[in-house]
Amino acid sequence: MNGILCMNKPQDFTSFDVIAKLRGILKIKRLGHAGTLDPMATGVLPVFVGTATKACDILPDNEKSYLAGFKTGLITDTQDITGKTVSEFSKRVTKEEIIDILPKFTGNVMQLPPMYSAVSVNGKRLYDLARQGIEVEREKREIFIDEIRLEEFNEDTQEGKLYVSCSKGTYIRTIINDIGELLGCGAVMTSLVRLSSGGFKLEQCLSFADVEKARDENRLEELIIPVEKVFSSLARLRLNEVQTRMYKNGVKLDLARVNNIKENVNDYAVYGFDGAFIGTAFPEWEKGVLKVGKNFF
């Protein structure tokens, strides 16, 4: 069995917990996931099965979207409601004040990774250091926020929800923390649902119960999404029979002999003469050859 199971991660599960649970259900060891979610978060978690695990770190579509709950008036060490309170504020803000500053958080933004994160500094995970009470210097990283909008805000409770569409590597709780800092009232994330990731949407996602039921009814293959779907945005190359055989044997193909190569395109989804998906490839223009990216046959 090879392909993708799009899972709806339950709250209080780590992403690795989802993998461990699925290994027990599927009796398959070769599983991986794309896009780690915090335990408090729910939503889209693509799980790669079998040879599809090769695609975990090369997804061409890295855009993600979230619905995040937040509360103003405090700051915690984890930047979410589960952490230890560091500061509290009596200042209250209006819906209009929040809406007015959101444009500052769109486009290319420099973000400081939180201490409670999986980022590594000098070979050590930040969350391991944070649990020991150690704070280290971190470098800001550039992220891209395509859209951020206020979905709702209750001025009495100072609680609301934000929709965020952003690039890979964005910390939503840090966005909320930074919004609170700019407003001068503090803010923490209270909930998080990932609505989409890598081209997959929440409505496509499965529960553990869905997978177990399909296993018991011998129809797991119906739930598996072909790995080629994540590369559907790439330009397609279809090889002839001789080229297919050569390519599968590791031979770099002469670009001049490959149909539909374009000078302004550097990533391709490769299909064999029979229409079967083989993998990804990219041209080495200086050498005049087509080089293998990742193969999935």
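The values are calculated or read from the model by the stated rules, or taken from the named source; none is laboratory data. This one's a predicted model, so the numbers in the text were calculated from it and none came from an experiment. All Cβ positions, even for glycine, are placed from backbone atoms using ideal geometry, and neighbour counts span all protein chains on display.
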Checklist line | Test set (1) in contact with a strand residue (DSSP E or B) (Cβ under 6 Å, 6 or more places away or on another chain); (2) β-branched (V, I, T); (3) closer than 30 Å to P10 by Cα - V230 fails condition number | finding: (1)
Next item on the list: Taking the options V270, V188, name whichever one is crowded, with 20+ Cβ neighbours inside 10 Å and outside the structural domain of V164 (by TED's automatic domain parsing).
Entry: V270
Note to self: Looking only at region 63-103, how many residues end up being surrounded by 13 or more Cβ atoms within 10 Å (Cβ to Cβ), hydroxyl-bearing (S, T, Y) and in contact with a Cys (Cβ under 9 Å, 6 or more places away or on another chain)?
What the structure shows: 3
Item checked: Of residues in region 168-185 being touching a Gly at 6+ places or on another chain (Cβ under 9 Å) and in a loop (DSSP other than H, G, I, E, B), the one surrounded by the most Cβ atoms within 10 Å (Cβ to Cβ) -> C185
Item checked: Where T36 falls short, out of the listed (1) at pLDDT below 95; (2) more than 13 Å from the chain's Cα centre (by Cα); (3) of a type in the set (V, I, T) -> (2)
Margin query: Please verify whether L237 is surrounded by 14 or more Cβ atoms within 10 Å (Cβ to Cβ), touching a Pro at 6+ places or on another chain (Cβ under 8 Å) and of a type outside the set (G, A, S), treating the condition exactly as stated.
Written below: no
Note to self: I need the full set of residues from region 207-235 which are within 26 Å of G279 (Cα to Cα), touching a residue at least 40 places away in the same chain (Cβ under 8 Å) and hydrophobic (A, V, I, L, M, F, W, C), in order please.
What the structure shows: L220, L223, I224, I225, V227, V230, F231, L234
Margin query: Being assigned by TED's automatic domain parsing to the domain that holds Q111 and either without any contact (Cβ under 8 Å) to a residue 40 or more places away in the chain or more than 17 Å from the chain's Cα centre (by Cα) (or both) is the requirement here; does D178 meet it?
Written below: yes
Next item on the list: Only residues in region 240-267 that are within 13 Å of N295 (Cα to Cα) count as the first member; pair them with residues that are small (G, A, S), Cβ under 7 angstrom, at least 6 apart or cross-chain, and list the lot.
Entry: T244/G272
Notebook entry, point to check: Conditions: (1) of a type in the set (V, I, T); (2) part of a loop (DSSP other than H, G, I, E, B); (3) touching a Ser or Thr at 6+ places or on another chain (Cβ under 6 Å). I58 meets all but one. Number of the miss?
Noted result: (3)
Margin query: Of all residues being of a type in the set (D, E) and in contact with a Lys or Arg (Cβ under 6 Å, 6 or more places away or on another chain) in region 60-85, which is modelled with the highest pLDDT? Just the residue, please.
Written below: D80
